[in-house]
């Protein structure tokens, strides 16, 4: 019984980590939200999320920092390449609030239904 | 005789009446056209107002500029929630380098903070010195621009407006071109031309236009962007499709994406606005990257 409990606990830890890449990060300033869009590496080699609502979100992506939750979800990092785009459903967590004249910076918490294509 | 004269008179009267009727008809048609045109104009204005109303109601700013793909250049106006302004000030590490200690260095995502650089009070000190270049600016502003040149200039402005050449002596006014290092100034203009070329090969760039062309700093940068966009002598390796901005020795020094190799590096430049992993400083470089598989070396 004790082992079953430990197994269940470990499974719970693993699944919640996979689902919450950055939701619990201290830099998140607002509630995470779901958005459909295209993740694109721009010509300046930075990452942006073009939402279906015609908004542009800057994606925080800094895999070298000592905070592993700031990396991209595994399914995203495996498919993303320069000059290609990933359409899909993303859950993003804001690092900066929405404000007029400011591009909002977000982290990608999770992603699903990803489809890779070339930049248009 | 009298009968013939009466007949002629009647015919003349008839012709005059027909002419008057034709003129009236033409006049009525013209009035109808004008009424139709006014109606269409009213409909367009109403549709525009309705669109703006819906955007405003949805929390967006309809006056916020869009890029070449119709994307909001900022937050789309954002939601006007109470207390948001305070949060923005506190968390915007890119603009306020003084309180960055608790915030990870954020990536330089564009020219949001560049705009603030133009508000530097030092600008006023050197407005006179910029007048010398005024004639050249006007010459270019008055030229009719084709859409491609305009678009390229907007990409150049959007990507490089926060950069100036390094200074000949530290502490001098960075907005006075007399203080600029000539080699750095030449490299920056070349970088602008190259970014213009990259934007044509890889249009995923930030398009921006100056919001106040009466500001001499913005006008000069826009002028330089236009000049670079029209530079037909710029010769960039055909493999180059990307560029990467970095501050030498600080933050990220190379992009994370595999399959691309650095082909040429230009700099150093002065990054006045700073932001993210490209902090403020006079050791800013722009590296140009191309596909590894097609490199001829």
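The values are calculated or read from the model by the stated rules, or taken from the named source; none is laboratory data. All values derive from a computational prediction rather than experimental measurement. Cβ: placed from backbone, ideal geometry, glycine included. Neighbour counts: every protein chain shown.
Look at (1) out of contact with any helix residue (DSSP H, G or I) (no Cβ under 7 Å at 6 or more places or on another chain); (2) at pLDDT below 90; (3) within 28 Å of residue A:103 (Cα to Cα) and you find that residue B:272 fails only one, number (1). Of all residues in segment B:220-227, none satisfies being farther than 19 Å from residue A:83 by Cα and either within 14 Å of chain A (Cβ to nearest Cβ) or in contact with a strand residue (DSSP E or B) (Cβ under 8 Å, 6 or more places away or on another chain) (or both).
What tally of residues in segment A:63-77 results from selecting those that are assigned to a loop (DSSP other than H, G, I, E, B) and modelled with pLDDT of 65 or more? Residues that pass the stated criteria total 3. Applying the selection to segment B:199-217, what residues are surrounded by fewer than 24 Cβ atoms within 10 Å (Cβ to Cβ), in a helix (DSSP H, G or I) and in contact with a helix residue (DSSP H, G or I) (Cβ under 9 Å, 6 or more places away or on another chain)? Listed by number, the residues that qualify are B:200, B:216, B:217.
Considering only residues in segment B:252-267 that are more than 9 Å from chain A (Cβ to nearest Cβ) and assigned to a strand (DSSP E or B), the one that is farthest from residue B:185 (Cα to Cα) turns out to be B:261. Answer with yes or no whether residue A:1 is at pLDDT below 90 and over 22 Å from residue A:74 (Cβ atoms). Criteria met by residue A:1. Here residue B:202 fulfils each of the conditions (1) farther than 19 Å from residue B:245 by Cβ; (2) in contact with a strand residue (DSSP E or B) (Cβ under 6 Å, 6 or more places away or on another chain); (3) within 14 Å of chain A (Cβ to nearest Cβ) apart from (1).
Reported count of residues in segment A:21-48, each being crowded, with 21+ Cβ neighbours inside 10 Å, part of a strand (DSSP E or B) and either at pLDDT below 85 or more than 11 Å from chain B (Cβ to nearest Cβ) (or both), is 1. Residue check: residue B:239 meets all listed conditions (1) over 21 Å from residue B:273 (Cα atoms); (2) within 11 Å of chain A (Cβ to nearest Cβ); (3) in contact with a strand residue (DSSP E or B) (Cβ under 7 Å, 6 or more places away or on another chain) but one, namely (2). In segment A:49-60, what residues are surrounded by 23 or more Cβ atoms within 10 Å (Cβ to Cβ) and at the interface with chain B (Cβ under 7 Å from one of its Cβ atoms)? The answer is A:56, A:58, A:60.
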